[in-house]
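> Got a structure for you, questions after.
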Amino acid sequence: MNLHLVRQRIEEDEERLSPFAARSSKAVRSREEEPSSVRAAFQRDRDRIIHTKAFRRLKHKTQVFIAPQQDHFVTRLTHTFEVAQVGRTITRALRLNEDLAEAIALGHDIGHGPFGHAGEEAIAECLPEGFRHNYQSERVLDKLENDGRGLNLTHAVLDGVRKSSKVREDVLAEGWGVPETLEGQVVKIADALAYLNHDVQDAIRADIIGENDLPLVARRVLGASHSERLEVLVTDVVESSWAVTGQVHQNDGSQPGITLSAKVHEAVNELREFMFQQVYLLAERRVEVENAKAIVHFLFANAVNNPDSISSGYSLASDALPRRAADFVSGMTDRYAIRLAAALGCKEAKEWQF
């Protein structure tokens with residue numbers, strides 16, 4: 001039997017998708033390789049990401065609450081699964097390529113360092129050229145994994161990962177660029193929908209806020225519970241972006257995009273700003289945040305001063321030492337960073353309780 005017929009059938013099935021959807025058969029990689037017999041290109045990318053060591057380490061990396069003691073707080077890994085779930089729901093509804101959206105979603109946060117955004121800020125302060133987790137995610141996938149050879153993912157996946165971040169002011173702002181595929185645009189917005197909802201849950205679980213503390217416009221428009229909010233947000237994206245299905249005639253000939261209705265867009269931005277003010281930047285958590293940043297600064301300095309301590313597989317030997325140190329430290333989990341820093345004599349790590 002010619003098993004390549006399986007992949008060819010998958011690619012033929014994709015021709016039934018929206019005319020605006022990405023096609024696996026047209027995917028491009030930096031290095032040519034023999035196609036898989038039973039998987040299309042984006043399926044193959046998804047599988048490569050899942051089997052990386054960097055992906056496994058996401059289970060012990062912070063989303064919002066640093067090194068949480070309780071079992072049910074969101075981690076970077078569970079967040080990634082939720083983004084993939086929301087992204088697949090939206091892409092299927094809009095007749096887009098689920099496999100591409102899933103691959104982008106699974107890889108979009110793989111470059112996050114320990115301690116969430118506090119760790120990201122600390123590494124950016126250490127590295128002369130700065131540090132952004134979305135760029136690091138692309139770097140991990142394209143250069144660092146697979147013993148420094150990278151995964152040779154398709155350009156569409158890497159583009160979606162690189163452009164997945166958003167600015168604080170507006171959930172629909174371009175920020176680091178608009179993904180070249182609609183599937184990448186879906187993941188960019190799915191990321192915000194997922195983290196807003198689970199971060200509200202975690203903040204309530206941590207007794208930082210109550211459900212009734214949420215902005216009135218958010219409660220009225222988005223709903224009063226986690227499930228209601230997610231249902232409203234996902235269905236609004238689908239309805240507002242229906243033109244991408246190809247079943248709506250575009251009079252001006254422009255390519256449609258992924259968006260929200262004006263009413264829901266306003267409510268989401270209101271809820272995001274509330275979360276920044278009341279949760280993400282909460283003054284009572286600044287001691288924890290500053291300790292986390294001190295640990296990252298300590299580990300970065302130690303790596304620069306002791307290059308032999310940088311574990312193989314975390315960096316490229318040909319890179320400048322600060323870049324290697326950033327790659328090494330950003331690859332650490334919260335727990336490993338605390339344990340290593342404590343063993344090396346870092347005061348803040350020794351005092352950490354977890």
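The values are calculated or read from the model by the stated rules, or taken from the named source; none is laboratory data. Note that this is a predicted model, so its numbers are computed, not measured. Cβ placement follows ideal geometry from the backbone for every residue including glycine, while neighbour counts extend to all protein chains displayed.
> State all residues of the range 197-239 that are of a type in the set (S, T, N, Q) and either over 18 Å from Gly87 (Cα atoms) or buried (at least 18 other Cβ atoms within 10 Å of the Cβ) (or both); if no residue qualifies, say none.
Asn197, Gln201, Asn212, Ser225
> Only one residue in Thr89, Thr75 is of a type in the set (Ser, Thr, Tyr), closer than 30 Å to Glu288 by Cα and surrounded by 15 or more Cβ atoms within 10 Å (Cβ to Cβ). Which one?
Numbers: Thr89 fails: closer than 30 Å to Glu288 by Cα.
Just a single option satisfies the conditions, and that option is Thr75.
> With (1) outside any loop (DSSP other than H, G, I, E, B); (2) touching a Lys or Arg at 6+ places or on another chain (Cβ under 8 Å); (3) under 30 Å from Cys346 (Cα atoms); (4) of a type outside the set (Val, Ile, Thr) as the list, and Phe300 as the residue in question, which single condition is left unmet?
Phe300 satisfies every listed condition except (2).
> Please enumerate the residues belonging to the range 17-55 that are surrounded by fewer than 22 Cβ atoms within 10 Å (Cβ to Cβ), without any contact (Cβ under 8 Å) to a residue 12 or more places away in the chain and not acidic (Asp, Glu).
Across the range 17-55, the qualifying residues are Lys26, His51.
> Does Ser241 fit the bill of being within 23 Å of the chain's Cα centre (by Cα), more than 30 Å from Ile338 (Cα to Cα), among the small types (Gly, Ala, Ser) and at pLDDT 95 or above? Working first, answer last.
Details: within 23 Å of the chain's Cα centre (by Cα): yes; more than 30 Å from Ile338 (Cα to Cα): yes; among the small types (Gly, Ala, Ser): yes; at pLDDT 95 or above: yes.
The answer is yes for Ser241.
> Let me ask something else. Restricting attention to the range 276-293, and to residues there that are touching a residue at least 60 places away in the same chain (Cβ under 8 Å) and either among the aliphatic types (A, V, I, L, M) or outside any helix (DSSP H, G or I) (or both), which single residue is nearest to Ala122 (Cα to Cα)?
Ala292
> Looking at the structure I just gave you, is Asp213 touching a His at 6+ places or on another chain (Cβ under 9 Å) and of a type in the set (D, E, K, R)?
Here the answer is no, as Asp213 does not meet what is asked.
> Within the range 132-199, which helices (runs of 4 or more DSSP H) (wholly inside it) include 3 or more residues that are touching a residue at least 40 places away in the same chain (Cβ under 8 Å) and over 12 Å from the mean Cα position of the chain (by Cα)? Before you say what the answer is, go through the steps one by one.
Details: elements: 133-139, 145-148, 155-162.
Those helices (runs of 4 or more DSSP H) span 145-148, 155-162.
> Evaluate the range 161-177: report whether one residue or more is under 21 Å from Ala93 (Cβ atoms) and at pLDDT 95 or above. Spell out the reasoning first.
Restricting attention to the range 161-177, the residues satisfying the condition of being under 21 Å from Ala93 (Cβ atoms) are 164, 171-172.
Subset that is at pLDDT 95 or above: none.
No, because not a single residue in the range 161-177 is under 21 Å from Ala93 (Cβ atoms) and at pLDDT 95 or above.
> Also, quick follow-up: Could you say which residue among Leu100, Leu106, Leu96 is part of a helix (DSSP H, G or I) and either over 22 Å from Lys143 (Cα atoms) or touching a strand residue (DSSP E or B) at 6+ places or on another chain (Cβ under 9 Å) (or both)?
On the way: Leu106 fails: either over 22 Å from Lys143 (Cα atoms) or touching a strand residue (DSSP E or B) at 6+ places or on another chain (Cβ under 9 Å) (or both); Leu96 fails: part of a helix (DSSP H, G or I).
Criteria check complete, one pass: Leu100.
> Would you mind finding the one in Val248, Val232 that is at pLDDT 95 or above and in contact with a helix residue (DSSP H, G or I) (Cβ under 8 Å, 6 or more places away or on another chain)?
Only one candidate qualifies: Val232.
This table checks each residue for (1) farther than 18 Å from His108 by Cα; (2) touching a Cys at 6+ places or on another chain (Cβ under 8 Å); (3) part of a loop (DSSP other than H, G, I, E, B); (4) of a type outside the set (A, V, I, L, M).
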{"residue": "Arg7", "(1), (2), (3), (4)": "yes, no, no, yes"}
{"residue": "Glu14", "(1), (2), (3), (4)": "yes, no, no, yes"}
{"residue": "Glu34", "(1), (2), (3), (4)": "yes, no, yes, yes"}
{"residue": "Phe55", "(1), (2), (3), (4)": "no, no, no, yes"}
{"residue": "Leu77", "(1), (2), (3), (4)": "no, no, no, no"}
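> If you go through the range 272-326, how many residues are within 23 Å of the chain's Cα centre (by Cα), at negative phi and of a type in the set (Gly, Ala, Ser)?
Here the count works out to 4.
> Can we say Ala122 is in contact (Cβ under 8 Å) with a residue 24 or more places away in the chain, over 29 Å from Ile338 (Cβ atoms), buried (at least 23 other Cβ atoms within 10 Å of the Cβ) and over 11 Å from the mean Cα position of the chain (by Cα)? Write out each step before concluding.
Values: in contact (Cβ under 8 Å) with a residue 24 or more places away in the chain: yes; over 29 Å from Ile338 (Cβ atoms): no; buried (at least 23 other Cβ atoms within 10 Å of the Cβ): yes; over 11 Å from the mean Cα position of the chain (by Cα): yes.
No: the conditions fail for Ala122.
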